[in-house]
Amino acid sequence: MSSENCPGDLCDWVWGEVCMMEALLVATELEKKEVAQTFCRKGEDVMELSPTCLGTACSVEPPACPSGSKAVGDIHTHPPDGSANFSPFDYNWSFRTGHDIHCVASPTEATQRTSEGDFALKKYIIRCESINHDAPKAREKKAELDALLSEALHAAKGIRDKVALGEEYPNELYRTYRKTLNEFGELGHSTGLLKDCRVPEFMGVWERPVERKRVK
Ligand SMILES: [Zn+2]
């Protein structure tokens, strides 16, 4: 299944490193900062990981590969309260670097309502996508894809600036952000530019409950 969804062996290799990805989730929870690691290809069949890099509360630049290997992808975290989805900045980075795969990981918390009361359920979520920069349909729709991503980027920057200035949350801009990013994701998937890199037992994302606490 995964070989069909993710051409080549990269997707399988990445999921084989799921313990490493969990370690990044633990680090992001402790530090409340983004953490990143780069996937490096050394020769035909050998893969290795770069050292881990710690960023700020809202960004991180994945580190360079050790000499003699080439960066083919990366994973970064969004700290607690962040989203387990790729941001327009994430897509922009992966396209600029020409990476073949990217992953995002985030600890999320949701309220679970049961007959015995409410519980806070914490989950670790990891999502990976393969990127086919040469997908023929994506080339045809390049102008449309670029326009959607740049509109989403523009909205994301606008939101970030308003929040930084302590201004009222820009709901209208947020709607534009969601709409253009969703449309970009849909077009990206339908043209073959993006493919969910699925862990075999689950669909689309990998998630694991890590803590369940009663809420008063
Ligand atoms: Zn991100």
So which GluC sites (Glu not before Pro) in the stretch 79-142 pass both tests, a DSSP loop state and at most 13 other Cβ atoms within 10 Å of the Cβ? GLU116
Among HIS99, HIS76, HIS154, HIS133, rank each residue by its count of other Cβ atoms within 10 Å, from fewest to most, as a rough exposure measure. HIS133, HIS154, HIS99, HIS76
Restricting to the chain, compute how many DSSP beta bridges are antiparallel as a %, nearest 5. 90
Rounded if a/c is under 1.5, else prolate if a/b is larger than b/c, else oblate: which is the stretch 134-192, with a ≥ b ≥ c the root eigenvalues of its Cα gyration tensor? prolate
State whether the stretch 114-216 is rounded, prolate or oblate according to the following rule on the C-alpha gyration tensor (a ≥ b ≥ c being the square roots of its eigenvalues): a/c under 1.5 gives rounded; otherwise a/b larger than b/c gives prolate, and the remaining case gives oblate. oblate
Backbone HN-Hα couplings from phi across the stretch 49-56 [Karplus 6.51/-1.76/1.60, Hz, Gly and Pro as x]: 10, 6, x, 7, 10, 9, x, 9
Against the 2.2 N^0.38 Å scaling, with N counting residues, where does the stretch 16-115 land? I'd like the Cα-based Rg ratio to two decimal places. 1.14
Could you calculate the contour length gain from ASP134 to SER83, that is, 0.36 nm times the residue separation minus the distance between their Cα atoms, to one decimal place in nm? 15.5 nm
Name the residue farthest towards the positive end of the dipole of the stretch 134-192 from the options PHE184, GLY166, HIS154, assuming +1 on Cβ of Lys and Arg, -1 on Cβ of Asp and Glu, about the Cα centre. PHE184
Given the options PHE95, PHE86, PHE119, which has the most mean-square fluctuation in a GNM of the chain, springs set between C-alpha atoms less than 10 angstrom apart? PHE119
Filtered GluC sites (Glu not before Pro), the stretch 155-194: DSSP coil and at most 16 other beta carbons within 10 Å: GLU167, GLU168
If you place +1 on the Cβ of every Lys and Arg, -1 on the Cβ of every Asp and Glu, and leave all else neutral, what size is the dipole of the stretch 134-192 about its Cα centre, to the nearest 20 Debye? 100
The exposure ranking of ARG160, ARG198, fewest beta-carbon neighbours within 10 Å first, is ARG160, ARG198
By count of other Cβ within 10 Å, fewest leading, how are TYR91, TYR174 ordered? TYR174, TYR91
Starting from the amide H of LEU194, placed 1.01 Å from N in the peptide plane, find each other amide H under 5 Å away whose residue is 5 or more places distant or on another chain. ASN132, HIS189
FRET efficiency for ARG208 and VAL163, Cβ-Cβ distance as r, R0 = 22 Å, nearest 0.05? 0.15
log10 I(q)/I(0), Debye, Cα-only the stretch 53-179, no solvent, q = 0.11, 0.19 Å⁻¹? -0.52, -1.23
Per residue, how big is the convex hull around the C-alpha atoms of the chain? Give it to me in cubic angstrom, could you? 148
Determine the alpha carbon to alpha carbon distance for each of LYS32/LYS141; LYS122/LYS142; LYS33/LYS137; LYS70/LYS137; LYS162/LYS213; LYS42/LYS179 and list only those over 31 Å. LYS32/LYS141; LYS122/LYS142; LYS33/LYS137; LYS162/LYS213; LYS42/LYS179
Suppose every Lys and Arg Cβ carries +1 and every Asp and Glu Cβ carries -1, with no other charges. What dipole size does the chain come out with about its Cα centre, to the nearest 20 debye? 460
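No lab work stands behind these numbers, since they all come straight from the coordinates. As the structure is a computational prediction, the values presented were derived from the model and not from experiment. Every residue, glycine as well, gets a Cβ built from its backbone with ideal geometry; the counts of neighbours run over all protein chains shown.
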